[in-house]
Amino acid sequence: MTTELSQKASEIVAYTRRLLASGGYKSFSYADIAEQVQIRKASIHHHFPSKAELVRTVVTQYRAEAREGMRMLDEKLNDPLAELNAYVDYWFNCIKDGSAPFCICVMLAVELPVLPPEVAAEVTGHFHDLSDWLTSLLSRGERSGIFQLKETPAVEGKALMATVHGAMLAARAYDNPEVFRQIVRPVIENMTR
């Protein structure tokens, strides 16, 4: 979906993204959005007929941005360890400055059993995208001798993804961005020994 959004629709999407990162799907209504973006609830329905469509749009954009970010890391750095560090540093900085303190797909994955199917499919797709990228990155790193993996790159990629997501949760629970780094760094160091 590459439909161009109007300025107001873009504002709605941006604010919804913040709401999703802070509380998930069930944590807000169109009334919350209307107040923030100064639009009537009925007007939001003009842009997004349903909450499911709005959230699917947000997650679709999020996935596209994530895939582009992964592609750019591959292209610009072309070094598995540097790419992995850049990925982890991105999240550390987002948590530290509050710009994106939590992956919206992680937040939504908690609600996966009750999400509308079109939203659930996008969330699951994000996990596949990220897992595939990490698998490829670890595989390249293992072939070049950068990483020493104990399991297959696919298993290690999923474990690393879970570690990063768990570290986001721990940083939030402790209200301390350094907790994220304290959890993730040793895992990467253990792969490079």
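What pairs in Lys76/Lys96; Lys51/Lys76; Lys76/Lys150; Lys96/Lys150 have C-alpha atoms more than 26 Å from each other?
Working: Lys76/Lys96 24 Å; Lys51/Lys76 37 Å; Lys76/Lys150 28 Å; Lys96/Lys150 31 Å.
Over 26 Å apart, Cα to Cα: Lys51/Lys76; Lys76/Lys150; Lys96/Lys150.
So what is the relative contact order of the chain, in percent, for Cα pairs below 8 Å that sit 6 or more residues apart? List each step's numbers first, then the result.
Working: 175 pairs, mean separation 40.0, N = 193.
Across the chain, relative contact order equals 21 percent.
In nm, what is the difference between 0.36 nm times the number of residues separating Asn85 and Leu112 and their Cα-Cα distance?
Values: separation 27, 0.36 × 27 = 9.72 nm, distance 2.90 nm.
Stretched fully, the Asn85-Leu112 segment lengthens by 6.8 nm.
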Exercise. Using 7 Å Cα-to-Cβ label points, what is the Asp129/Arg18 separation (nm, one decimal)?
Worked result: 2.3
Problem set entry | Extended-chain gain in nm, criterion 0.36 nm per residue less alpha-carbon gap, Ser50 and Lys76 | 5.5 nm
Exercise. What does the charge dipole of region 59-191 about its Cα centre add up to, to the nearest 20 debye, if the Cβ of each Lys and Arg holds +1 and the Cβ of each Asp and Glu holds -1?
Worked result: 200
Problem set entry | Positive-end extreme of charge dipole, the chain - chosen from Asn78, Val13, Val187 (charges on Cβ) | Val13
Seminar exercise, completed: Helix 153-174: inclination vs the chain longest Cα principal axis, degrees, rounded to 10, gives 60
Exercise. What is the helix-to-structure angle for 177-191, meaning the angle in degrees between its Cα long axis and the longest Cα principal axis of the chain, kept from 0 to 90 and rounded to the nearest 10?
Worked result: 40
Problem set entry | Cα→Cβ-extended label distance, 7 Å offset, between Leu149 and Ala31, nm | 5.0
Exercise. Counting alpha carbon pairs within less than 8 Å and at least 6 residues apart, what relative contact order, in whole percent, applies to region 22-122?
Worked result: 39
Exercise. Roughly speaking, what is the stretch gain from Arg193 to Ala170, that is 0.36 nm per residue apart minus the C-alpha to C-alpha distance, in nm to one decimal?
Worked result: 5.7 nm
For this session: Over the alpha-carbon set of region 59-191, work out the extent along each principal axis and list the three values in angstrom, largest first.
Result: 43, 31, 28
For this session: Please list, in chain and number order, the residues 5+ apart from Phe147 or on another chain whose amide H is under 5 Å from its amide H, with Hs placed from the backbone.
Result: Glu142
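Every read-out reported here was derived from the displayed coordinates using simple, explicitly stated rules and does not represent laboratory data. Here the structure is a predicted model, which is why all the values come from computation and not from measurement. Ideal geometry is used to build each Cβ from the backbone, glycine not excepted, and the neighbour counts take in all protein chains shown.
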